Amino acid sequence: MKYDFTAIEKKWQAKWLEEKPFTAVTDDKTREKFYGLIEFPYPSAQGLHVGHARPFTAMDIICRKKRMQGYNVLFPMGYDAFGLPTENFAIKNKIHPAKVTHDNVANFRRQLQALGYSFDWDREVNTTDPSYYKWTQWIFLQLYKKGLAYKASMPVNWCTSCKIVLANEEVVDGGCERCGSEVIRKEKSQWMLAITKYADRLIDDLEDVDYINRVKIQQRNWIGRSEGTELNFGTTLGETLTVYTTRCDTLFGVTYMVVSPEHPCLDKWKDSITNWEAVSAYKDEAARKSDFERSELNKDKTGVRLEGIAAINPATKEQIPLFVSDYVLMSYGTGAVMGVPGHDQRDWEFATKFGLPIIEVVKGGDITKEAFTLKDDTGIMVNSGFLDGMTVKEAIPAMKEWVTKEGLGQSKTNYKLRDWVFSRQRYWGEPIPLVNCEKCGWVPLPEDQLPLLLPEVDSYEVTDTGESPLSKMTDWVNTTCPCCGGPAKRETDTMPQWAGSSWYFLRYMDAHNDKELVSKEAEQYWGPVDWYNGGMEHTTLHLLYSRFWHKFLYDIGVVSTKEPYAKRTSHGMILGEGGIKMSKSRGNVVNPTDVIAEYGADTMRLYIMFVGDFEKAATWSTEAVKGSKRFLDRVWNLAESASESYEESEANQPILHKTIKKVTSDVDDLKLNTAIASLMTMVNEMAANGATRGDMRTLLLLLSPFAPHIVEELWEMLGFAAKEGKMACQTDWPVYDESKTVASTVEMAVQVNGKLKGSIKMPVDSAEEAVVAEAMKVEKVAKAVEGMKLVKTIHVKNRLVNLIVKPQ
RNA sequence: GCCGGUGUGGUGGAAUGGUAGACACAGGAGACUUAAAAUCUCCCGGUAGCAAUACUGUACCGGUUCGAGUCCGGUCACCGGCACCA
């Protein structure tokens with residue numbers, strides 16, 4: 001019989017869907033649970049991509065193996081279906097986004113099932129489903145009630161031609177992604193979430209989770225905690241100007257100060273600034289520039305001195321000039337900095353350009369050439385009054401103490417992390433469940449009125465003023481205040497795509513609960529997620545946002561763990577042929593459906609795992625897929641030629657046990673490529689030795705997570721299904737016997753003075769003397785040792801012996 | 001610029017400090033076949049040699065070690081992220 005993968009895969013996929021062997025049971029507390037999670041996809045019109053198949057297949061393998069090891073496994077799937085592409089498609093084709101989403105989801109589900117993933121389909125979720133987004137809205141209301149959601153005026157990206165607000169992703173090289181026109185900054189009132197209040201916990205709790213290191217590092221850098229000092233400088237106006245610095249030790253070296261163009265002090269001090277026209281012109285120029293331009297043109301420092309005002313250095317009591325310059329950001333620290341040109345490169349450039357004095361206060365560099373920025377022990381303070389002679393490390397606390405004592409400021413921790421802009425002027429998102437009442441202000445919708453459904457609209461286009469399409473629905477917008485009953489207007493902004501994905505892993509635990517987001521019982525059983533795999537591109541947004549929401553839910557008693565994910569791993573990208581990124585425009589996108597049609601899902605699964613180190617980028621090669629197909633052909637042929645005996649054969653014992661050991665540990669370590677390589681070696685060796693059905697049983701058990709369809713078929717063919725039931729229901733993952741993993745003899749390397757001279761065959765665990773004696777018999781060794789004195793031998797059991805010799 | 005990662009055959013990639021190149025792809029030779037495909041067997045880093053073999057080889061320079069692709073110091077290249085964060 002031939003290996004007919006199409007028929008086999010269809011047969012078993014249908015049986016799995018019908019018999020549901022992968023359904024997770026929440027109330028089975030007798031078994032240890034394992035919750036494996038992969039990032040749910042955005043159901044795009046293009047359908048599944050081979051890039052999805054990599055992480056999905058890996059987690060499917062892990063979960064299938066865990067099930068076989070007796071765990072109660074939760075491995076769910078869903079769709080993150082709100083978002084722009086669907087909305088844009090709806091606008092263009094005048095189809096309701098819900099319909100587009102429904103069709104795309106159906107396509108995704110079909111493709112996922114065609115790959116044989118062992119998802120628990122009974123728990124499927126969809127963020128656009130009202131029974132789901134009810135709870136997204138509910139979480140938002142809790143955040144609002146705890147004061148963590150607030151309205152603020154924020155600069156947004158505004159396309160001057162399309163007249164719409166763009167997400168950062170839609171701004172390409174400073175222009176609009178769609179029309180290429182100029183994108184400028186425009187102030188708009190937006191809902192914000194106070195993620196910065198959780199900044200410390202988001203950093204500190206990384207200690208307690210098992211994330212790959214680069215994810216932890218990237219999150220720490222993104223949050224960007226820095227410990228510094230807020231310092232008040234006096235001015236000739238008698239008013240104070242507060243700066244933030246991490247280098248208060250350099251206070252004696254401050255020769256000027258700079259405020260950002262948006263700093264409120266400028267307008268406040270307008271009347272005292274004698275060159276207001278020049279200052280005002282600079283302000284306007286800065287406001288016109290987009291963020292992109294401001295950072296692009298950062299090579300050359302610009303600025304204007306504020307004439308008529310001077311600041312006073314509190315340490316030296318000297319008057320120093322005050323500038324406005326766009327190298328200072330309003331969004332970080334206080335929007336004002338003290339200029340220390342001797343020890344900050346940006347300040348050095350600015351001072352050099354404007355001819356300001358540069359004072360050395362830390363000895364060690366050459367400040368005529370560049371700023372000396374070292375912060376460690378090597379620098380010694382000079383020209384700094386009471387700090388002279390101290391190291392920088394000593395000077396920082398000494399200065400802090402002095403500043404505090406003099407009432408000039410205090411210690412302050414700052415973060416690069418900004419609060420989360422939570423409003424979108426879009427249709428296809430969760431409506432924000434708040435109403436604005438003239439009398440009562442913002443009023444949350446009572447929880448029993450959730451979900452607040454997205455109304456039907458005539459057009460999904462944003463308005464000319466950049467308001468959400470919902471704002472045109474006056475019937476919907478005009479409502480009554482839940483508080484006073486008076487006239488009120490609904491919020492017309494919707495939530496960003498990140499909202500629904502910030503808590504979906506909780507919903508899987510209890511997907512059909514209409515009373516609660518998740519029941520206590522289900523949450524306490526399944527939480528936290530044991531293993532979450534996802535893309536590096538989600539490290540600083542999705543992963544951080546969902547950790548934030550989870551911590552908030554912990555604080556209000558909805559969940560019982562501080563962290564949502566115990567372990568996080570990340571996969572590398574799949575590149576197109578030739579190592580270039582796959583993209584629609586290059587036309588090099590590989591569709592898994594095509595590969596399945598030609599080679600089968602099992603081959604697809606094997607190849608995408610065999611292609612290389614899971615964490616690194618890998619290049620797709622349609623040629624190389626054949627290798628995985630040939631392997632499955634060999635497995636099929638081996639099964640057909642297997643002898644009738646249900647005993648394991650003596651000859652195959654070492655390879656069986658070696659492979660059990662290797663595959664078991666490799667799957668746990670996410671080294672799926674070498675796990676497959678060892679299975680290939682096993683099949684090659686079994687083919688050479690001849691295999692019994694007993695040998696095949698072990699092979700099939702080990703192979704089943706990787707290539708479940710062919711294994712299920714062979715399992716049945718060789719009579720195991722009749723005796724033990726389906727492979728999908730097996731709970732006896734093979735266990736190895738260490739003593740059987742090694743053959744009775746081993747090949748050992750022989751070196752003389754570290755140089756390889758040959759190899760010898762020795763019984764396992766031979767003693768050093770025997771090994772040395774045998775090694776001496778090797779011709780090349782004998783030649784190399786001749787006339788020399790043996791001074792030392794290094795014996796590594798079962799591996800090598802190294803003879804160290806010297807001339808006599 | 002800063003932070004992280006990676007450099008190994010023609011290619012994808014293996015190697016707890018212990019025989020570099022497992023396992024595959026491509027290529028070559030052969031078997032089977034009328035022929036092709038499929039399958040099976042063998043070869044496959046470089047240089048020299050008919051061969052046995054010798055030398056050499058993991059981006060580059062240096063160090064530690066009996067022994068380094070692996071550890072340490074420095075250099076270069078590429079990839080990803082951040083980017084005037086005071």
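The values are calculated or read from the model by the stated rules, or taken from the named source; none is laboratory data. Source: prediction; values computed, not measured. No Cβ is skipped: glycine too gets one built from the backbone with ideal geometry, and neighbour counts run over all protein chains shown. Each accessible area value is taken on the protein alone, full model and side chains, heavy atoms only, with ligands, DNA and RNA left out. Shrake-Rupley method; radii C 1.70, N 1.55, O 1.52, S 1.80 Å.
Structural remarks
- A:L656 falls short of the stated requirement of being more than 10 Å from RNA strand B (Cβ to nearest atom), open to solvent by less than 40 Å² (accessible area, probe 1.4 Å), in contact (Cβ under 8 Å) with a residue 60 or more places away in the chain and not in a helix (DSSP H, G or I).
Here is a yes/no grid of residues against (1) over 30 Å from A:T463 (Cα atoms); (2) in contact with a strand residue (DSSP E or B) (Cβ under 8 Å, 6 or more places away or on another chain):
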position: A:P482; (1), (2): no, yes
position: A:K489; (1), (2): no, yes
position: A:M495; (1), (2): no, yes
position: A:W503; (1), (2): yes, no
position: A:R507; (1), (2): yes, yes
position: A:N513; (1), (2): yes, no
position: A:L517; (1), (2): yes, no
position: A:Y532; (1), (2): yes, yes
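- Of all residues in region A:447-460, those that are open to solvent by less than 90 Å² (accessible area, probe 1.4 Å), of a type in the set (D, E, K, R) and in a loop (DSSP other than H, G, I, E, B) total 0.
- Restricting region A:738-761 to residues that are within 23 Å of A:K662 (Cβ to Cβ) and near RNA strand B (Cβ under 8 Å from one of its atoms) leaves a set whose member that is surrounded by the fewest Cβ atoms within 10 Å (Cβ to Cβ) is A:E747.
- Screening A:V735 on (1) out of contact with any Gly (no Cβ under 9 Å at 6 or more places or on another chain); (2) more than 14 Å from RNA strand B (Cβ to nearest atom); (3) in contact (Cβ under 8 Å) with a residue 24 or more places away in the chain; (4) open to solvent by less than 60 Å² (accessible area, probe 1.4 Å) shows it passes everything except condition (4).
- Among the residues making up region A:622-637, a single one is within 19 Å of A:V589 (Cβ to Cβ), within 6 Å of RNA strand B (Cβ to nearest atom) and not charged (D, E, K, R): A:A624.
- Annotation note: of A:L506, A:L517, A:L470, the sole residue that is under 30 Å from A:I62 (Cα atoms), touching a helix residue (DSSP H, G or I) at 6+ places or on another chain (Cβ under 9 Å) and not in a loop (DSSP other than H, G, I, E, B) is A:L506.
- Failed criterion for A:K515 (all others in (1) charged (D, E, K, R); (2) within 21 Å of A:G78 (Cα to Cα); (3) within 17 Å of the chain's Cα centre (by Cα) hold): (3)
- Subset of region A:217-250 (residues that are within 11 Å of RNA strand B (Cβ to nearest atom), over 22 Å from A:R201 (Cα atoms) and either touching a helix residue (DSSP H, G or I) at 6+ places or on another chain (Cβ under 7 Å) or open to solvent by 50 Å² or more (accessible area, probe 1.4 Å) (or both)): A:L231, A:C248, A:D249
- Evaluation of A:I676 against (1) farther than 17 Å from A:F631 by Cβ; (2) open to solvent by less than 10 Å² (accessible area, probe 1.4 Å) (one fails), failing number: (1)
- Just one residue in the set A:M727, A:M686, A:M696 is more than 41 Å from the chain's Cα centre (by Cα), more than 9 Å from RNA strand B (Cβ to nearest atom) and open to solvent by less than 40 Å² (accessible area, probe 1.4 Å); that residue is A:M686.
- So A:D765, is it surrounded by fewer than 16 Cβ atoms within 10 Å (Cβ to Cβ), farther than 20 Å from A:L656 by Cβ and in contact (Cβ under 8 Å) with a residue 24 or more places away in the chain: yes
- Test: residue in region A:255-274 that is in a helix (DSSP H, G or I), buried (at least 16 other Cβ atoms within 10 Å of the Cβ) and away from RNA strand B (no atom under 11 Å from the Cβ): yes
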